[in-house]
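Take a look at the structure set out below.
The values are calculated or read from the model by the stated rules, or taken from the named source; none is laboratory data. A quick note: this is a predicted structure, and the numbers were derived from the prediction, not measured. All Cβ positions, glycine included, derive from the backbone under ideal geometry; neighbour counts span all protein chains shown. Quick note on the areas: whole protein, heavy atoms, side chains included, nothing else; ligands and nucleic acids left out. Shrake-Rupley method; radii C 1.70, N 1.55, O 1.52, S 1.80 Å.
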Amino acid sequence: MSRIEVRMSGSGGQGVIMGTIILAEAAFEDGKQVAQCQSYGPEARGGSSKAETIISDSKIHYTKVKLPDLLLSLTQQSFDKYLPYIKDGTIIVVDSSIEVPEETKKAHKVFSLPILDAAAEVIRNKMSANIISCGVINAILHVADWDAVEHAVLNHVPRGTEESNLNALHYGAKLAREYGE
């Protein structure tokens, strides 16, 4: 890895901002250089949301993501909005509810995973979709050692939810690995 750019998108309240903070913190703890930024619509919950993280082995001179190496979208609206801003070879991770055009599937590695359903049905907490997403992204890109990712998750989740959130993290990694088989 020399430089990896990640864009997570969804709607406000899905935790994509926290997801990129966790990835950035884990990579930093693992000795890498990081930059993280976010933006969201005027609505705190339900509006469009995106967050980005740059992870590098060397100094980061430009801190904005232009064309991500990985795009994760949890809503159709966010997918449609950010799909035009990817490059050849961008890895696309979407919730399985999102319709991905056939030409996009042919041109990119697309992981269509039941992230939102897993949060609700397996983890039994809709708010864990972002943690599942972190597990998926780290399994695909290996942005940090798993101990560092677990530590970053534990730094940002409410007391009493540690075990559930670690389960969500590892479930996300399992989803990514199973998809790749």
Practice item. Could you check which residue among 100, 34, 136 shows the biggest mean-square fluctuation in a GNM of the chain with a 10 Å Cα cutoff? Key: 100
Check your understanding: Which value, in debye to the nearest 20, describes the size of the charge dipole of segment 47-181 about its Cα centre when Lys and Arg Cβ atoms bear +1, Asp and Glu Cβ atoms bear -1, and nothing else is charged?
Key -> 400 debye
Review point. Using a 1.4 Å probe, what is the accessible area per residue for the chain, in Å²?
Key: 49 Å²
Point to revise | Residues with amide H under 5 Å from that of residue 125, placed H, sequence gap 5 or more | key: 120
Check your understanding: How would you classify the chain from its alpha-carbon gyration tensor, with a ≥ b ≥ c the square roots of the eigenvalues: rounded for a/c under 1.5, else prolate if a/b is greater than b/c, otherwise oblate?
Key -> rounded
Practice item. Enumerate the lysines that residue 87 could reach by cross-link, defined here as Cα to Cα under 17 Å, with residues fewer than 8 away along the same chain left out. Key: 64, 66, 105, 106, 109
**Study point:** the chain: calculated mean residue ellipticity at 222 nm from DSSP helix runs of at least 4, using -39500 (n - 2.57)
**Key:** -12000 deg cm²/dmol
Practice item. Leaving ligands, DNA and RNA out of it, report the carbon-plus-sulfur percent of the accessible area of the chain at a 1.4 Å probe. Key: 49 percent
Practice item. Determine the shape class of segment 97-160: with a ≥ b ≥ c the square roots of the Cα gyration tensor eigenvalues, call it rounded for a/c under 1.5, and otherwise prolate if a/b is greater than b/c, oblate otherwise. Key: oblate
Point to revise | residue 146 versus residue 33: modelled label distance in nm, points set 7 Å from Cα along the beta carbon direction | key: 3.0 nm
